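First the structure, in the form of structure tokens, and then the observations on it.
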Amino acid sequence: MKLHYLKLKHWLLATLLGALGFSACQSSRKTASKQPQGAPMPQEREEIRLMYGVPTMDFTVRGYVHDPAGRPIEGIEVNLLERGLEATPDTIYGDQENIRRYLAETSVRTGEDGRFEVHQSGLPQRELRLLLRDIDGPANGSFANQIVELEVKDNEVDKREADGWNLGKYTREVDVKLLPR
């Protein structure tokens, strides 16, 4: 009898803890989705939910893109590549359409002054890859695509805004010289 009571007690505790743990994972916060310029903006979409206990970090990379003479280049597409995305539009392998869609949805463009700012939140990473592509043709010159490797060092992470599983914010300034094709 005592054995049945202990089994029942352990089963009830495990069920209760499991239910409490998974209900704590749910997010009710809403966030606006990113859309290409000119596309109508949807009202809201539900935030992506991560598993309970998965650390995250916010990444921001700002920069200036210029030609060899130091003149700013407008209209350069800039992507902060996800971890594991080794393919670029020049060397695509795998699911080409999904890679192209990902790059289109997550890109920003340099302004008239050659400046850009790109944001990403996700798993903490030790290395980031910034992909710069001249996609507007000869309108402002023709430049070769470039990948900039960025190393994320612990002392560069701002931990003042860290709370819970968010490990902080990494911000980096870069100066990129694109070479003509």
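Derivation of every value follows stated rules applied to the coordinates shown; laboratory data play no part. Not measured: the values here are computed from a predicted model. As a convention, Cβ positions derive from the backbone with ideal geometry for all residues, glycine included, and neighbour counts pool all protein chains shown.
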(request) Measure out, as a whole number of angstrom, how far apart the alpha-carbon centroids of region 52-73 and region 119-181 sit. (result) 3 Å
(request) Could you work out the Kirkwood radius for region 52-177, taking every pair of different alpha carbons, averaging 1/r and inverting it, reported in Å? (result) 15.6 Å
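Got a sec? How would Tyr170, Tyr102 order by Cβ neighbour count within 10 Å, fewest to most? Don't skip to the end; give the middle numbers.
Working: Tyr170 21, Tyr102 16.
Ranking Tyr170, Tyr102 by Cβ neighbours within 10 Å, fewest first, gives Tyr102, Tyr170.
With 10 angstrom as the radius, rank Trp165, Trp11 by how many other C-beta atoms surround their C-beta, starting from the fewest.
Result, fewest neighbours first: Trp11, Trp165.
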(request) Could you list which residues have their amide H under 5 Å from that of Gln125, counting only those 5 or more apart in sequence or on another chain, with H placed in the peptide plane? (result) none
(message) Using the crude model of +1 on Lys and Arg Cβ and -1 on Asp and Glu Cβ, and no other charge, please compute the dipole size for region 52-177 relative to its Cα centre, in debye to 20.
(response) 160 debye
(message) Suppose the chain between Asp175 and Ala144 were pulled fully straight at 0.36 nm per residue; how much longer would it get relative to their current alpha carbon spacing?
(response) 9.6 nm
(message) What does the charge count around Asp134 come to, taking other residues whose C-beta lies under 9 Å from its C-beta (Lys +1, Arg +1, Asp -1, Glu -1)?
(response) 0
